[in-house]
Amino acid sequence: MNITALSSTAQNSTTTDAPSQDAAHQQWWRDAVVYQVYPRSFADSDGDGMGDLPGITARLEHIAELGADAIWLSPFYTSPQNDGGYDVGDYEDVDPRFGTLADADTLIARAHELGLKVIVDIVPNHSSSEHVLFQKALEAAPGSPERDMYMFREGRGQDGELPPNNWQSIFHGDAWTRVTEADGTPGQWYLHLFDTTQPDFNWENPAVHELFAGVLRFWLDRGADGFRVDVAHGMVKPEGLPDSPVDSEGMAVVPQGEVPVYFDNDGVHAIYREWRAILDEYPGDRMMVGEAWIPERSMPKYVRPDEMHQVFNFGYLQSRWDVDAFRHAIAEPLRLADEVGAPTTWVLSNHDVIRHATRYGFGPEHRFGEGLSRDEHPDAELGLARARAATLLMLALPGSAYLYQGEELGLPEVADIPDELREDPAHKRAGVPGRDGCRVPIPWEGDAPAYGFSPTGNSWLPQPVVFGELAADRQRGVAGSTLELYREALRLRRELRLGAHRPGDEVTFVDGVPEGVLAVQHGEVIVVVNTTAQPVQLSTLPGPAGGDRPAPVLLASSAVQDGRLPADAAAWLRVRL
Ligand code: GLC
Ligand code: MG
């Protein structure tokens, strides 16, 4: 580590960086902490047990006080809610369960008042089967312009009785469903990479481009500061819709580390260039962040200067509790983002994966998908300790960090949900536990009905008793609580400009630390992560000892006593430059 070099860089940037130019050109999203709100489960204002927009507006202060810069709202559009709203019936209206367009305007205005930017989720790969365009397509004849809005094809086999290819849905089962034509005969098939009620749009059709250009403008005009692009790697399918590779039993398979043939096709980039031009027409720094589960090597393509601004870096989320895994999950995305001058992003939890406070309790069989079943018993205490540490590591890194509602309370994944209450289409299609366990409504007040989620005590998914102890009001002001840890980390991150990616200000791995310890320096902070089972004496580490005074502990995920960082913990040390 080269403290001298770092020191001069830091001084240069403070002297040249008068309030002026740099500040004006500092695009907010480059180092933003974005808080994801899942509207169904954040706060319910009308007592129906379903979260809603007025509920969110009333609780925005929590997010502002936490120190986030922006919110990302998962879909609140008109929708039959077969996939929690990712099945959109009307992209330009609000589902009555969540409120009205006027409520959306109020929410955006209140967020702006509190200094929070607003990112809206856009779902362009597919609509709901209840979308008027799909209904029209069903009524129209094969080969009609209505059908051409979606991916209709003739079946294979003698009478078209077999699906057009062997693609499997992300939610299990065939990715094709056969329709009955107007005359009552079995007809064409339509593609749905997700649920049968989520037909894929045909992005070869210019009318689909027009439709979404209109949707973007609709929300930009209403004040949206950006978009989170759902399934950003899926919209354009490979030419000729070729079969996926198959295993010896003829089942479609995806080679390790790769994606299904229908993802990550180059055609998607033209769409982002088109959208970027639209965003650039608007004042303010409007942005797009892509949800793309793609091989790492593909990431830079999505964030080229004329495409999206960010893409989720899911490698960090998938990283095991292991020094080498973390090193890779940090260094590689930084290197890749640098190739195209984009900031990287960091994320540990969202509405699709097992909450990280639970994930890290699995031990070596690290897993993030398909939900938690009742027979699995990851270690909750260990999980939370490691989750807090992984969060501290993430929040010291340059780039933008995405938080998922409830992680600041240390909420666990909920396994104990009766099957009949589970709503994830993957559960319905394949019997896997699914993603409901990370979508359980947020506990605000330990002693209130539904822990303050809803005035009537209703909750669309049952909340476990432990949510009472973890409620926001039980943690606010309590030293050492997860909520206070997040607040302090975000405060320091802002104060020390840890999110900023300044030229020359590199992330450095400190060499010579004991095995199982990771020490990462960024700016004036060294984050030390102890993955071993023993405490680590911080003063013996080469990084902090490299200065002439001991580096003070700014913040730790578990209390540092006598200079020792406990097992399964992380600390931020201040390096005096
Ligand atoms: C994205 C969403 C997920 C949804 C899927 C289909 O992955 O995050 O929740 O089920 O797209 O829209
Ligand atoms: Mg409600």
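Does ASP105 qualify as being over 28 Å from LEU395 (Cα atoms) and more than 16 Å from ligand 1 (Cβ to nearest atom)? The answer is yes for ASP105. Taking every residue in segment 318-339 that is surrounded by 21 or more Cβ atoms within 10 Å (Cβ to Cβ) and pairing it with any residue that is basic (Lys, Arg), at least 6 positions away or on another chain, the pairs with Cβ-Cβ distances below 7 Å are TRP321/ARG386. The single condition among (1) surrounded by fewer than 22 Cβ atoms within 10 Å (Cβ to Cβ); (2) more than 24 Å from the chain's Cα centre (by Cα); (3) at pLDDT 95 or above that ASP511 does not meet is (3).
For segment 132-144, enumerate the residues that are outside any loop (DSSP other than H, G, I, E, B) and either without any contact (Cβ under 8 Å) to a residue 40 or more places away in the chain or aliphatic (A, V, I, L, M) (or both). Break it down into steps so the answer makes sense when it comes.
So in segment 132-144, the residues outside any loop (DSSP other than H, G, I, E, B) come out as 132-139.
If the condition is that a residue be outside any loop (DSSP other than H, G, I, E, B) and either without any contact (Cβ under 8 Å) to a residue 40 or more places away in the chain or aliphatic (A, V, I, L, M) (or both), then VAL132, LEU133, GLN135, LYS136, ALA137, LEU138 are the ones that fit.
Considering only residues that are in contact with a helix residue (DSSP H, G or I) (Cβ under 8 Å, 6 or more places away or on another chain) and more than 16 Å from ALA401 (Cα to Cα), which ones fall in segment 313-325? TRP321, the sole residue that qualifies. Would you check which residues across segment 146-165 are closer than 15 Å to GLU239 by Cα and open to solvent by 30 Å² or more (accessible area, probe 1.4 Å) and list them? Within segment 146-165, ARG153 is the sole residue that qualifies. Please verify whether SER7 is modelled with pLDDT of 95 or more, more than 16 Å from ligand 1 (Cβ to nearest atom) and open to solvent by 10 Å² or more (accessible area, probe 1.4 Å), treating the condition exactly as stated. No: the conditions fail for SER7.
Among the residues of segment 29-38, some residue qualifies, meaning at least one is within 16 Å of ligand 2 (Cβ to nearest atom), of a type in the set (A, V, I, L, M), closer than 13 Å to PRO441 by Cβ and in contact with a Leu (Cβ under 8 Å, 6 or more places away or on another chain). If you go through segment 533-551 and keep only what is exposed (fewer than 15 other Cβ atoms within 10 Å of the Cβ) and at pLDDT 90 or above, you end up with ALA533, GLN534, GLN537.
Can LEU403 be described as in a loop (DSSP other than H, G, I, E, B) and either buried (at least 23 other Cβ atoms within 10 Å of the Cβ) or among the hydroxyl-bearing types (Ser, Thr, Tyr) (or both)? So LEU403 fails the test. When ALA448 is tested against the conditions (1) surrounded by fewer than 17 Cβ atoms within 10 Å (Cβ to Cβ); (2) farther than 19 Å from ALA571 by Cβ; (3) away from ligand 2 (no atom under 16 Å from the Cβ), the lone failure is (3). Restricting ASP352, ASP375, ASP379 to those that are acidic (Asp, Glu) and either within 23 Å of ARG228 (Cβ to Cβ) or open to solvent by less than 30 Å² (accessible area, probe 1.4 Å) (or both) reduces the list to ASP352.
Taken over segment 102-115, the criterion of being touching a residue at least 60 places away in the same chain (Cβ under 8 Å) and surrounded by fewer than 23 Cβ atoms within 10 Å (Cβ to Cβ) is satisfied by ASP105, ALA109, HIS112.
Filtering segment 125-139 for residues that are acidic (Asp, Glu), within 15 Å of ligand 1 (Cβ to nearest atom) and open to solvent by 10 Å² or more (accessible area, probe 1.4 Å) leaves a non-empty set.
Specify the residue that is nearest to ligand 1 (Cβ to nearest atom); the eligible residues are those in segment 182-206 that are open to solvent by 40 Å² or more (accessible area, probe 1.4 Å) and more than 21 Å from VAL261 (Cβ to Cβ). By that ranking, first place goes to PRO206.
Number of residues in segment 249-305 that are closer than 22 Å to LYS117 by Cβ and part of a loop (DSSP other than H, G, I, E, B) equals 10.
Of all helices (runs of 4 or more DSSP H) completely enclosed by segment 411-493, which ones contain at least 1 residues that are under 28 Å from GLU370 (Cβ atoms) and among the basic types (Lys, Arg)?
Details: elements: 425-430, 466-470, 472-475.
Because the criterion is at least 1 residues that are under 28 Å from GLU370 (Cβ atoms) and among the basic types (Lys, Arg), the helices (runs of 4 or more DSSP H) in segment 411-493 that meet it are 425-430.
Determine whether ARG320 is within 20 Å of the chain's Cα centre (by Cα), under 30 Å from VAL527 (Cα atoms) and in a loop (DSSP other than H, G, I, E, B). For ARG320, the condition - within 20 Å of the chain's Cα centre (by Cα), under 30 Å from VAL527 (Cα atoms) and in a loop (DSSP other than H, G, I, E, B) - is met.
What's the total number of residues in segment 56-83 that are touching a Pro at 6+ places or on another chain (Cβ under 8 Å) and open to solvent by less than 30 Å² (accessible area, probe 1.4 Å)? Of the residues in that region, 6 qualify.
What are the residues in segment 355-368 that are within 15 Å of ligand 1 (Cβ to nearest atom) and surrounded by 21 or more Cβ atoms within 10 Å (Cβ to Cβ), if any?
ARG355
Please find, within segment 246-261, the residue that is most open to solvent (accessible area, probe 1.4 Å) out of those that are more than 13 Å from GLN168 (Cβ to Cβ) and over 30 Å from the mean Cα position of the chain (by Cα). So the residue we want is GLU249. In this structure, does ALA387 turn out to be open to solvent by less than 20 Å² (accessible area, probe 1.4 Å) and either part of a helix (DSSP H, G or I) or at pLDDT below 95 (or both)? So ALA387 passes the test. The single condition among (1) of a type in the set (Asp, Glu); (2) within 12 Å of ligand 2 (Cβ to nearest atom); (3) open to solvent by 30 Å² or more (accessible area, probe 1.4 Å) that ASP95 does not satisfy is (3).
The values are calculated or read from the model by the stated rules, or taken from the named source; none is laboratory data. Worth saying up front: this structure is predicted, and the values here are computed from it rather than measured. Glycine gets a Cβ as well: all are built from the backbone with ideal geometry, and neighbour counts include every protein chain shown. SASA here: full protein model, heavy atoms, side chains in, ligands and nucleic acids out. Shrake-Rupley method; radii C 1.70, N 1.55, O 1.52, S 1.80 Å.
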